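Below: the structure, in structure tokens.
The values are calculated or read from the model by the stated rules, or taken from the named source; none is laboratory data. These figures come from a predicted structure and were not determined experimentally. When we count neighbours, we look across all protein chains shown, and the Cβ atoms used for this are built from the backbone with ideal geometry, even at glycine. Just so you know, the surface numbers come from the protein's heavy atoms only, side chains and all, with ligands and any DNA or RNA stripped out. Shrake-Rupley method; radii C 1.70, N 1.55, O 1.52, S 1.80 Å.
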Amino acid sequence: MRRGAVAAGALAAAALAAGCGGGSPSPAPQPPAPPEALGSGYFVGTGPDGVGATVDLRAADATVRALEAALRQGAPPGEPPPAVGIASVVNDSRRAAPAPRFIAVLDSGELLPLRPAADALGTRTDPLARRAARLMPAPRPVLPGGASAVDYVVLRGVVPGRVAEVRMTTGTGTPARLAPRPR
């Protein structure tokens, strides 16, 4: 009889260790976070007006890091942190052109504006925002013929890998497609 009691005790201990005990149920395992889509986050193209651009949504320089730190404050919970990208623009024409605006086209087909970083910071005056603003180049509303400029843009609500392409508009012209390129 003693042998049966020992076997029953060992069986009960094994069941408890396996989570089959009579206590409260163990929490269900959390599903892994969905992996970021594998898009490059880097886009290149030129419009019919001679204005070309690259947009790098996975850029990493001192200004990007400062902007991302400032924009993380107040970011909605549950959303990916804002991604700051670098837009490098060249006006190969002889005519002045308005500074371009950029729109992300997601892998779902949804359109999402890439806001200029200065607009995303708004009128904030906290130390992180002031530091980021000091690092950014002055905005250029018009790009003279033959000139180039760098601007910082902000992607909110999605990860850069979900961006399938970027569209660039300069004034009233037809948007130009900036196609994805490998890094």
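If I take R0 = 41 Å and measure r between the Cβ atoms of Ala60 and Thr123 in this structure, what FRET efficiency does the formula 1/(1 + (r/R0)^6) give, to the nearest 0.05? After rounding, the FRET efficiency stands at 0.95.
Other residues with beta-carbon under 15 Å from the beta-carbon of Leu121 carry, at +1 per Lys or Arg and -1 per Asp or Glu, a net charge of +4. The largest accessible area among Thr54, Thr123 belongs to the first residue in Thr123, Thr54, and the rest follow in falling order (1.4 Å probe, all chains). In a fully extended conformation the segment linking Arg177 and Asp107 would gain 23.7 nm over its present Cα-Cα distance, using 0.36 nm per residue. What does the C-alpha gyration tensor say about the overall shape of the range 126-183? Classify as rounded when a/c is under 1.5, otherwise prolate if a/b is larger than b/c, or oblate. Because a/c hits 1.5 or more and a/b fails to exceed b/c, the range 126-183 counts as oblate. Expressed as a whole percent, the accessible area of the range 59-176 that falls on carbon and sulfur atoms is 55 (1.4 Å probe). Across the range 148-157, coupling constants 3J(HN,Hα) worked out from phi with the 6.51/-1.76/1.60 Karplus curve, θ = phi - 60°, read 9, 7, 10, 9, 10, 10, 10, 9, 10, x Hz, and Gly and Pro carry x. Under the combined filter of DSSP loop state and at most 16 neighbouring Cβ atoms within 10 Å, the range 76-174 retains these trypsin sites (Lys or Arg not before Pro): Arg94, Arg95, Arg124. One Cα centroid belongs to the range 137-183, the other to the range 42-112; the line between them spans 5 Å. With protein chains left intact and a 1.4 Å probe, residues in the range 49-183 average 52 Å² of accessible area per residue.
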